[in-house]
1. So the check is Cβ under 6 Å with 6+ separation or different chains; which pairs have a first residue in segment 29-57 that's closer than 19 Å to Asp111 by Cβ and a second one that's part of a helix (DSSP H, G or I) and among the polar types (S, T, N, Q)?
2. All but one of (1) surrounded by 13 or more Cβ atoms within 10 Å (Cβ to Cβ); (2) in contact (Cβ under 8 Å) with a residue 60 or more places away in the chain; (3) assigned to a loop (DSSP other than H, G, I, E, B) hold for Ile96; which doesn't?
3. For segment 165-210, which positions are in contact with a Phe, Trp or Tyr (Cβ under 8 Å, 6 or more places away or on another chain) and among the basic types (Lys, Arg)?
4. Here are some conditions: (1) surrounded by 15 or more Cβ atoms within 10 Å (Cβ to Cβ); (2) of a type outside the set (Lys, Arg); (3) over 23 Å from the mean Cα position of the chain (by Cα); (4) not in a loop (DSSP other than H, G, I, E, B). Ile47 meets all but one. Which one does it not meet?
5. Name the one entry in Trp179, Trp215 that is under 26 Å from the mean Cα position of the chain (by Cα) and over 30 Å from Ser146 (Cβ atoms).
6. Going residue by residue through segment 176-184, is there one that turns out to be under 30 Å from Pro125 (Cα atoms) and touching a residue at least 12 places away in the same chain (Cβ under 8 Å)?
7. If you go through segment 59-87, how many residues are touching a strand residue (DSSP E or B) at 6+ places or on another chain (Cβ under 9 Å) and either among the aromatic types (Phe, Trp, Tyr) or closer than 13 Å to Ala98 by Cα (or both)?
8. State which residue is surrounded by the fewest Cβ atoms within 10 Å (Cβ to Cβ) when the search covers only segment 118-156 and only residues that are modelled with pLDDT of 95 or more and out of contact with any helix residue (DSSP H, G or I) (no Cβ under 6 Å at 6 or more places or on another chain).
Amino acid sequence: MRIVVIAYQPLSIWKVGEIVKYYPIYLDIREKRCIVVGGGDVAERKILRLLECGAVVSVVSGKLTTTLVNMVEQRQISHVADNYDQQYLSGAFLVIGATDQEEVNDRIARDCRARGVMVNIVDDPGRCDFILPSLVNRGSLSIAVSTDGKSPALARKLREDLSAQFGPEYESYLDLLGWLREMIIAAGRPADDNRDIFTALVNSPLHGHIRAGRWEEAGQTIRELTAQEIDLAAFINRAGKRI
């Protein structure tokens with residue numbers, strides 16, 4: 001019997017200082033315990049974003065910003081009024097290190113790695129399991145921009161450009177498209193027909209009508225493309241919009 005052993009050789013081996021190619025992923029952190037170490041302005045921004053996504057947030061820091069103090073008092077977040085210690089990582093789904101002390105940030109990263117907990121150290125990709133991209137948010141629409149750490153300045157510029165291109169009306173636009181999708185599917189057409197209608201809607205003047213507040217014209221466009229009597233007023237009332 002001849003036994004052949006095949007050794008796996010990765011296509012590339014990361015070297016110290018080499019830029020990592022990150023795997024893009026969106027995480028569901030609802031009801032997940034997330035720890036932020038640090039109580040300054042940067043930590044505050046990270047905490048607000050975590051809360052927007054439904055996380056259960058605990059902040060570890062001897063001092064907090066005024067906003068964070070208010071959030072603790074309102075029981076939006078929990079607070080460990082102490083210097084960092086690895087015991088405070090217990091039960092964490094992910095951890096963000098946002099202190100201005102390199103030695104502390106290094107300990108956070110090492111302790112998280114030892115526990116198998118995902119960690120992000122602000123402005124220090126070499127100690128991160130994941131990085132946070134520049135984001136443009138318009139309701140359910142999220143556009144993430146990352147340069148794999150090569151140029152945060154370019155990422156910020158692209159975010160600003162995208163913010164101008166995709167204005168606040170995209171929140172209503174996407175909500176409407178989602179609502180229409182439910183109505184159209186419920187009509188019982190073949191899937192291919194539905195796909196054609198969805199494509200026609202996003203290539204129609206519908207977005208321009210919504211941006212300009214022309215809801216009557218929007219309704220006319222929808223009726224022409226769907227051949228359905230869509231009660232657009234129901235969507236407008238539900239979404240708090242006015243014709």
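1. Short answer, once both residue conditions are applied: none.
2. (3)
3. Scanning segment 165-210 gives a single hit, Arg181.
4. Every listed condition holds for Ile47 apart from (3).
5. Details: Trp215 fails: under 26 Å from the mean Cα position of the chain (by Cα).
Going through Trp179, Trp215 in turn, the sole match is Trp179.
6. no
7. Looking only at that region, the number is 6.
8. Residues of segment 118-156 modelled with pLDDT of 95 or more: 118-121.
Among the residues that remain, those that are also out of contact with any helix residue (DSSP H, G or I) (no Cβ under 6 Å at 6 or more places or on another chain) are: 118, 120.
Working: Met118: 16, Asn120: 23.
The residue in question is Met118.
The values are calculated or read from the model by the stated rules, or taken from the named source; none is laboratory data. Quick caveat: nothing in here was measured; it's all calculated off a predicted structure. Cβ: placed from backbone, ideal geometry, glycine included. Neighbour counts: every protein chain shown.
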